[in-house]
Amino acid sequence: MIIASFIGLLYIAGFYLLLRRSLVRAAIGALLLGHAANLLIFVSGGLSAGAPIIREGEDSLISPYPDPLPQALVLTAIVIGLGVSAYLLALIHRTAEIAGGDDMDDLKEEE
Amino acid sequence: MKFRTSCYSLSGASAVLCIFAIWASMNLDAPYYLAFDWLPKVGLRISFRVDSFSLFFVTLICGIGSLVFFFCAGYLPGDKSRSRTLSILLLFTLSMLGLVLSDNVLLLFIFWEFTTITSFFLVGAKCEKKEAREAALQALLVTVAGGMALLVAILLLFMAAGTLELSSLEANRQLIQDSPLYPVILILIAAGAFTKSAQFPFHFWLPGAMTAPSPVSAFLHSATMVKAGIYLLARFHPILGETVLWHDLLIGIGAATMIVGASLALARTDIKALLAYTTVSALGMLTFLLGLGTTLAMKAALVFLLVHACYKAALFMVAGSIEKLAGTRDLDRLHSLGKMSPALWCAAALPALSMCGLPPMLGFIGKELIYEAKLIAPTIDELFLLIGFTANALTVTAALLAAVKPFIPRTMDSPPKRKLTLPLLAPPIILGIVSLACGLFPTWVGDNLLEPSFQALKGEPSQIKLKLWHGVNPVFILSVLTLVTGALIYWIHSYFARMVSVVERWSSPFAPERLYAQLVKRFVQFASLQTRLAQNGSLNFYLTVTLCFASLLLAAAFFSLPEKAVDLSLLIHLKTSLIILGAAAAAVLSIRAQSMLEAVLLLGVVGLGVTLFFVFYGAPDLALTQFLVELLLLVLIASIWSRLPAFRPDTPKREKRRDLFAACILGVFLSYFVLQAVFLNEHNAISEFYAQNAATEAFGRNVVNVILVDFRALDTMGEITVLAIAMMGIMSLLKTRKTKR
C-alpha cells in the first residue's frame, strides 16, 4: 500500500514537473518519472526478501526467491536512464547557451 | 529534332498496336486470360482479360493515341514542358490500356487512379498559370472523390459476391442483385463513373480542364479518359444492369447531362470550352443509352462511342491548330480562317459533318441508331425523346459554331495565306477520313469491330446490321428535323446564348461548381482550425493531452479489471516504511523547489530512497547500480552547474493547479495498478527458466548478472551502444562553440 502510493506520488511529481515551462524542472520531472517506472516494473515481479543469487552447493534458486527478470530489465533501464538524462542535461545546457533561457514558451516564439 | 522523333516513334508504335487490336478482335473467339498472384491474401491478382470489348477500347485508345502523338510533334515544340507532357501522356496511355484490359476489379481501380493522377499532371501542364493549377486540382478532387466511391463499391462487391474477378462477378450476377448491398454498390459505382465521365452534377471539372494543351484535351477529355466511366458502366451492365434502379439512375442522370451540356455549350465563345460542353452532352447520351440497356441501345452506344471519339478528337486538334494559326480561340474574334488555310477548313469540316450526323458519315449511322433505340424502347417517356432531340439539335448548332463560324469571312479583304505544318493538319483529316470510310462501309466496321465487342459484352449476338440507308422512315424524318432545327438555332444562336447566360447567372448560387468551391474553402478552413487547435506548438499542451489520454486508458482498464482482494498487510517493515516516507516527502518537496540546489538535493534523496528500497527487497545489483548512477548524475550536474540556466519564477497559479490535477488523476490510477501488479505476478515461465539454468548452463550464481551478460548479452551490447551514442552526443553538444545567430 505504501509502496503503491509512493510510486503514484513519484508519477504525480514527475508529470507535474514535466509540464512546467522551465526546461530544468522538466528534466527533474523526467528523472522522477524514470524512478517511478523502474519501481513499477520492479514491484510487478512481486516482492520478497533475499537475493536472486544461487547459494554455494545448489543448482538453482530456492523458492521463495525474488524474480530475477524484472531486476535485469530495471538494471538496463537505470543505465539507459543515466545516458538519457545526461544527454538531456547537455541539451538544456546548450539550449540555454544559444537561446539565453530555458522557458519553453519563449523558445517557441524564437523558433 | 529529338522531340519530334520521339513523337513520331510513339505514334508509330500506337498505330501498330491499334492495327493489331483490330486484327485480334476479328480473330478472337473466346476471351484470353492472363493472371498471376500479387497479394493473394487480399485477393489481389494481376489478372487481365482480353476480349473483343476490351479490344474495341484498345483500338480507340491506340488509334486516337497514335494521332495525338503525331499531333504533339506539331503542337508541343516551343513548349518548355513538352518532354514532361509527352512522357506523362505515354504513362496515361499505358494506364488506360491497363484499365480496359484488367479483369480484377482492384487492379482496374489501381489503373483508374493512375489515369486520374496522370490527368492531374496533364491538365496542370502549364503549371505557371494559376487557372491551370486550379483546374487540375478541381479535376483531381472530383475524380478522386469518385474513385473513393468506386473503391468502397468494390469492397462491398467483394462482400456480396466473394470474388473480385469481373468474369466470375458476371457469373454471380443473381447473387449480387439479390444482396441487400446492391443499391449501395450500384450508386457508388455510378458515382465513380459519373465523376470520371463528367456527368451532371459533376460535369463542371471537364470544361475547367480545358486549360490543358490541345493534344491532351483531344486525347483525355474527349476520346479516352472520360470514356473510362462509360467503360465501367458498360462492363458492369451485365453484373448490375437491367434493374429499375439502374434504369432510372442512368437514364435520369444521362438525360440531365445531355441537355445541360448541350445548352451550356452554346453560351461559350472559347472553342475548346464549347467542345468540352458538347463532350459532356455526348457522355450524357452514352450514359442514357446504357441506362436503356436494350440490345439496340447498347449497340447504338458502341457505335456512338466510336463516332464521338473520332469527331471530337479531330475537332479538339483543329481547335489547337486554330490557336496556332490565329493566336486565339475566341469565337467572337475568329473569322476568315478558311481563306488563311483551306486545308484546315477541310480538316474541321469532315468531323463536323460527322458530329452533325450528315450522311454519308459514321455520325449519321450513329444518330439513326440512337433514335431507333429510343423510339422502340418499351419503357421510355416521350419527355426523354424530346430531350434527346433538343440535345442533338444543339449539338448540330455547336458543330456549326466550332467548325464553320471561324472559317467564313466577315470582311472583304482577304488575310494572307499561312501554311500549317503537316502534324497539325494530318491527324484531324485522317480522323475525318476514318469517319467517312466507316460511314461508307458500315458493314465491315459493324461485323469486325462492333459486333464482336457487343457479343463479348452481352454474351449474345445483336442481330443488328449497320446500314447507311434505311429508307424514309420515322427515324430518318427525325434526323432531318434535327438538322433543320440545329441550323435554325445556329441562325439565332446569339440570342440563344444570351438566354442561356441569363439562366446561368440566375442559377449560379446553386451551380455545382459553386458548391464545390464552397466545400473546398470550408474544408481548408476546417483543416487550419484543427491544426491551430491540435498543433499549437506548446509542449505543455501536447503532454497534457497525452497524459489525459493515458488516464482514460487506465480508467477503462480500471473498470474492466476483475475486482481482486487487495491484501493490505503487505510485508512492510518499519524501516522500509520510514525510507519510503522520506523519499516521498523529498519528491513532494521537489515540486516546490525554488532553487536548483534544492531540487538536485531532493532528487538525490529520492534516488537514495529508491536505492535503499532495492536493498531491502532483494535486489543488491539494482541497488548498486542505482547508487552509482545517482553519484554520476550528481557529478555531471556539478560539472555544468555554473552553466545551467537559473531557476526562474514559474507559470501562473491556475495553470499549475490544472497540471497538478491532471497529474494526480494519473498518479492515483497508477498507484492502484501497482497494487494490482504486486499480487498479479507469480514467477512466470521465463523467470523460472533463468532460475533453473543460470548455474548449470551459464555457470553463474548471480542470476540477474547471468541474464545480462550471458542470456541477453546482445541486449546489453545494445545498451552499451546507446550509452556510447549518448556520450558522443553530449560531447559534441558541450564542445561546440557558441554559434552566432
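Residues in the stretch B:595-626 that are modelled with pLDDT of 85 or more, under 60 Å from the mean Cα position of the chain (by Cα) and within 25 Å of A:Arg25 (Cβ to Cβ): B:Leu602, B:Leu603, B:Gly604, B:Val606, B:Gly607, B:Val610, B:Thr611, B:Gln626.
Across the stretch B:691-712, what is the number of residues that are more than 7 Å from chain A (Cβ to nearest Cβ) and in contact (Cβ under 8 Å) with a residue 24 or more places away in the chain? Residues flagged as more than 7 Å from chain A (Cβ to nearest Cβ) and in contact (Cβ under 8 Å) with a residue 24 or more places away in the chain within the stretch B:691-712 amount to 1.
Collect the residues in the stretch B:691-705 that are at pLDDT 80 or above and part of a helix (DSSP H, G or I), keeping them in residue-number order. Those that are at pLDDT 80 or above and part of a helix (DSSP H, G or I): B:Val703, B:Val704, B:Asn705. Restricting to the stretch B:681-690, and then to whatever is part of a helix (DSSP H, G or I) and more than 7 Å from every other protein chain (Cβ to nearest Cβ), can you tell me which residue is modelled with the lowest pLDDT? It comes out as B:Ala685.
If you take the residues in the stretch B:605-618 that are out of contact with any helix residue (DSSP H, G or I) (no Cβ under 6 Å at 6 or more places or on another chain) and part of a helix (DSSP H, G or I), which one is surrounded by the fewest Cβ atoms within 10 Å (Cβ to Cβ)?
Here the answer is B:Leu608.
Listed here are the residues, each with its yes/no results for (1) part of a loop (DSSP other than H, G, I, E, B); (2) under 21 Å from B:Leu166 (Cα atoms).
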position: B:Ile46; (1), (2): no, yes
position: B:Arg49; (1), (2): no, yes
position: B:Phe53; (1), (2): no, yes
position: B:Cys62; (1), (2): no, no
position: B:Ser66; (1), (2): no, no
position: B:Phe69; (1), (2): no, no
position: B:Gly78; (1), (2): yes, no
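Counting the residues of the stretch B:188-207 that are part of a helix (DSSP H, G or I) and in contact (Cβ under 8 Å) with a residue 40 or more places away in the chain gives 11.
Note on the stretch B:651-671: residues that are at the interface with another protein chain (Cβ under 7 Å from one of its Cβ atoms) and either among the aromatic types (Phe, Trp, Tyr) or farther than 22 Å from A:Ala37 by Cβ (or both) total 1. Evaluation of B:Phe204 against the conditions (1) of a type outside the set (Val, Ile, Thr); (2) crowded, with 24+ Cβ neighbours inside 10 Å; (3) under 30 Å from B:Arg333 (Cα atoms) shows that the sole unmet condition is (2). B:Gly74 falls short on exactly one of the conditions (1) farther than 25 Å from B:Leu431 by Cα; (2) of a type outside the set (A, V, I, L, M, F, W, C); (3) touching a residue at least 40 places away in the same chain (Cβ under 8 Å), and that condition is (1).
The values are calculated or read from the model by the stated rules, or taken from the named source; none is laboratory data. These numbers come from a predicted model, not from an experiment. Please note: Cβ atoms are built from the backbone with ideal geometry, for glycine as well, and neighbour counts cover all protein chains shown.
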